[in-house]
Amino acid sequence: MSNDIKTQLVVVGAGPGGYSAAFRAADLGLEVTLVEARSTLGGVCLNVGCIPSKALLHVAKVIDDARDMASHGVSFGEPKIDLDKIRSWKDKVVGQLTNGLGGMAKMRKVKVVNGFGKFTGANTLQVGDTKITFEHAIIAAGSEPVALPFIPKDDDRVIDSTGALELKDIPGEMLVLGGGIIGLEMGTVYRALGSKVSVVEFADQLVPAADADLVKAYTKYNSKNFNIMLSTKVTAVEAKKDGLYVTFEGKNAPEKAVRYDKILVAVGRKPNGNLLDATKAGVEVDERGFINVDKQLRTNVKHIHAIGDVIGQPMLAHKAVHEGHVAAEVIAGMKHYFDPRCIPSVAYTDPEMAWTGITEKEAKEQGLKVETATFPWAASGRAIASARTEGFTKLIFDKETHRILGGAIVGINAGEMLGEICLAVEMGADAEDIALTIHAHPTLNESIGLAAEIYEGSITDLP
Ligand code: FAD
């Protein structure tokens, strides 16, 4: 009997972009087939990305908070780390969410096909023995970690983010190669669990895409936690029995090769656009693997859309989800566009760094006239009472209209706080709107209202 499937919409890849698109399309009445190479739904984000990393960061936070409390009169002693238990708790969190998605697909009668899909024509996709004939397709194939050619492969002492999340052991000396969000988040976990962590970054600041002031505050707070080597690159790695010997070059390079027990390579992610024979359907894929789309997420082939990491930066789950919704709605005949004013970015490090909308640097590059207002958390009652005053909240306003264009926060819970700024930017709020909004006291969120009040001139001095 033939396994062949005829479907109105096939979605290739079941990450945040793919499952969101499939579910929205099914809710809008389309007959949907969702193709996924992994055995579970959820893509990188749920299986080996956002969710397992946050479960481990929660562990790190509890350990760090317990240690910090010693100076405020409560001592817990050194934590006893049971790696097997931590790992199985993290896996349980992942399983709960990926199984939940399986149930949601079933409820909507979305047909899930397991296997790696490859286009064979403009309306056909082959998955193993199954030929899928479709009217519309959404490519949501995501991305994978970039590997470096001069770093030994097949050595289990060299890991990427997926390997780091497996948490096989706690290395004594660990090098994080790449000071971006993923490297710093995983470095935070391993440091809290007991590794001595060094971070090497080619650029002159960590998280090069972030607001420079945020990164300055983060770096200052963490100078005691990590050995940070900026403006420096790794030029060679020699694998020896007793460790990995790393040679550096640049401003902060150690003179001699340094020995590490493990290296986490976190130098970015590359799109999977080149792996699925999209060109056989006529879809143009650039040399890096990205697929170009218009504002309705359509590729150069009218009935084939693409969403998520595979269409470009920022490679973030919430961007993929919103794109997935728009693509499904467009296919269902709605006149929708993907045109957000801002896409938030958060590094769930300690302290967290969160920013949205335009940064000061981007405003300068674009010749925009902007003004900023900053509220230092050293003046926040809640931050003082939490013994975490290193943070600040910065708002960026259009100089003429006082309309908010962006914002940046560094400090504990910055990621949770950022939503208010995103809403303000999307709604076109001005400084007065934010200043007149009554924020609960004492909260860290209050700092957003207070920054706007400083800008409006209704606050002239700080305690
Ligand atoms: P993906 O999630 O990459 O899913 C694509 C899926 O398609 C995969 O499951 C793959 O198996 C499947 N696939 C690919 N090709 C085929 C094919 N031909 N046939 C069948 N299946 C195929 N983002 C955030 O917003 N917040 C975070 O906190 C965050 N933390 C992260 C932490 C880590 C360690 C990592 C690695 C990433 C993190 N990200 C985070 C990024 C986030 O995971 C991605 O942006 C998001 O998963 C992209 O979603 P997507 O739908 O485009 O693709």
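No value in this document is a laboratory result; all are computed from the given coordinates. All figures in this text were calculated on a predicted structure; none of them were measured in a lab. No Cβ is skipped: glycine too gets one built from the backbone with ideal geometry, and neighbour counts run over all protein chains shown.
State whether segment 1-104 is rounded, prolate or oblate according to the following rule on the C-alpha gyration tensor (a ≥ b ≥ c being the square roots of its eigenvalues): a/c under 1.5 gives rounded; otherwise a/b larger than b/c gives prolate, and the remaining case gives oblate.
It is prolate, given that a/c is not under 1.5 and a/b is the larger ratio.
Neighbour counts of other C-beta atoms within 10 Å: give me Asp213, Asp242, Asp169 arranged from fewest to most.
Asp242, Asp169, Asp213
Over the alpha-carbon set of segment 203-275, work out the extent along each principal axis and list the three values in angstrom, largest first.
Largest first, segment 203-275 extends 41, 41, 20 Å along its Cα principal axes.
If packing is taken as the mean number of other Cβ atoms within 10 Å per residue, what is the order of 142-150, 326-334, highest first?
Output ranking for 142-150, 326-334: 326-334, 142-150.
Seen from all sides and averaged, what is the projected area of the convex hull of the Cα atoms in segment 210-337, in nm²?
12.0 nm²
If R0 is 25 Å, what FRET efficiency do you get for Thr162 and Asp64 from their C-beta distance, rounded to 0.05?
With R0 = 25 Å, the Cβ-Cβ based efficiency is 0.55.
Which entries of Lys92/Lys319; Lys220/Lys256; Lys280/Lys361; Lys335/Lys369; Lys80/Lys220; Lys109/Lys153 show an alpha-carbon separation above 31 angstrom in the structure shown?
Result: Lys280/Lys361; Lys335/Lys369; Lys109/Lys153 exceed 31 Å.
For every helix of n ≥ 4 consecutive DSSP H residues, a contribution of -39,500 (n - 2.57) applies; sum these over the chain, divide by its total residues, and give [θ] at 222 nm rounded to the nearest 500 deg cm²/dmol.
It comes out at -10000 deg cm²/dmol, rounded to the nearest 500.
Considering only DSSP beta bridges where both residues belong to the chain, give the percentage that are antiparallel (nearest 5).
Expressed as a percentage, antiparallel bridges in the chain total about 60.
Rank the residues Leu462, Leu264 as a footprinting-exposure proxy: fewest other Cβ atoms within 10 Å of their Cβ go first.
With the fewest neighbours first, Leu462, Leu264 line up as Leu462, Leu264.
Once you treat every alpha carbon in segment 321-422 as an equal point and sum by Debye, what is log10 I(q)/I(0) at q = 0.12, 0.20 Å⁻¹?
Ignoring solvent entirely, the Cα scatterers give -0.51, -0.99.
Can you find, among Gly381, Pro442, Val189, the residue sitting farthest towards the positive end of the charge dipole of the chain, where Lys and Arg contribute +1 and Asp and Glu -1 at Cβ?
After comparing all options, I get Val189.
How big is D, in µm² s⁻¹, for segment 281-363 by Stokes-Einstein at 25 °C and 0.890 mPa s if Rh is the Kirkwood radius over C-alpha pairs?
It comes out at roughly 172 µm²/s.
How large is the Rg to Rh ratio of segment 421-463 when both quantities use alpha carbon positions and Rh follows Kirkwood?
With Rg and the Kirkwood Rh in hand, the quotient comes to 0.97.
Could you state, as a whole-number percent, how many of the C-alpha pairs of segment 116-198 are farther apart than 22 Å?
Summing the P(r) of segment 116-198 above 22 Å gives 47 percent of all pairs.
How large is the translational diffusion coefficient of segment 387-463 in µm² per second when you combine the Kirkwood radius over alpha carbon pairs with Stokes-Einstein at 20 °C and 1.002 mPa s?
My calculation gives 170 µm²/s for D.
In nm, to one decimal, how far is the modelled label at Ala122 from the one at Ala239, with both set 7 Å along Cα→Cβ?
4.8 nm
Taking the dipole about the Cα centre of the chain, with the C-beta of Lys and Arg at +1 and of Asp and Glu at -1, give me whichever of Ala327, Ala209, Gly273 is farthest to the positive side.
With unit charges placed on the Cβ atoms, the residue in question is Gly273.
Among residues other than Val293 whose Cβ falls under 13 Å from its Cβ, what is the net charge (Lys/Arg +1, Asp/Glu -1)?
Around Val293, the surrounding residues sum to -2.
Can you work out D for segment 52-182 in µm² s⁻¹ from Stokes-Einstein, where Rh is the Kirkwood radius over C-alpha pairs, the temperature is 10 °C and the viscosity is 1.306 mPa s?
82 µm²/s
Apply the Debye scattering formula to segment 176-241, with a single equal point scatterer on each alpha-carbon and no solvent, then give log10 I(q)/I(0) at q = 0.13 Å⁻¹.
Relative scattering, expressed as log10 I(q)/I(0), comes to -0.35.
With 10 angstrom as the radius, rank His325, His439 by how many other C-beta atoms surround their C-beta, starting from the fewest.
Ordered from fewest to most neighbouring Cβ atoms within 10 Å, His325, His439 come out as His439, His325.
Return the distance in nm (one decimal) between the two label points of a simple spin-label model at Leu148 and Gln96, each offset 7 Å from Cα along Cα→Cβ.
3.7 nm
What value does the chain have for Rg/Rh, both radii from Cα atoms and Rh as Kirkwood defines it?
Reported Rg/Rh (Cα atoms, Kirkwood Rh): 0.99.
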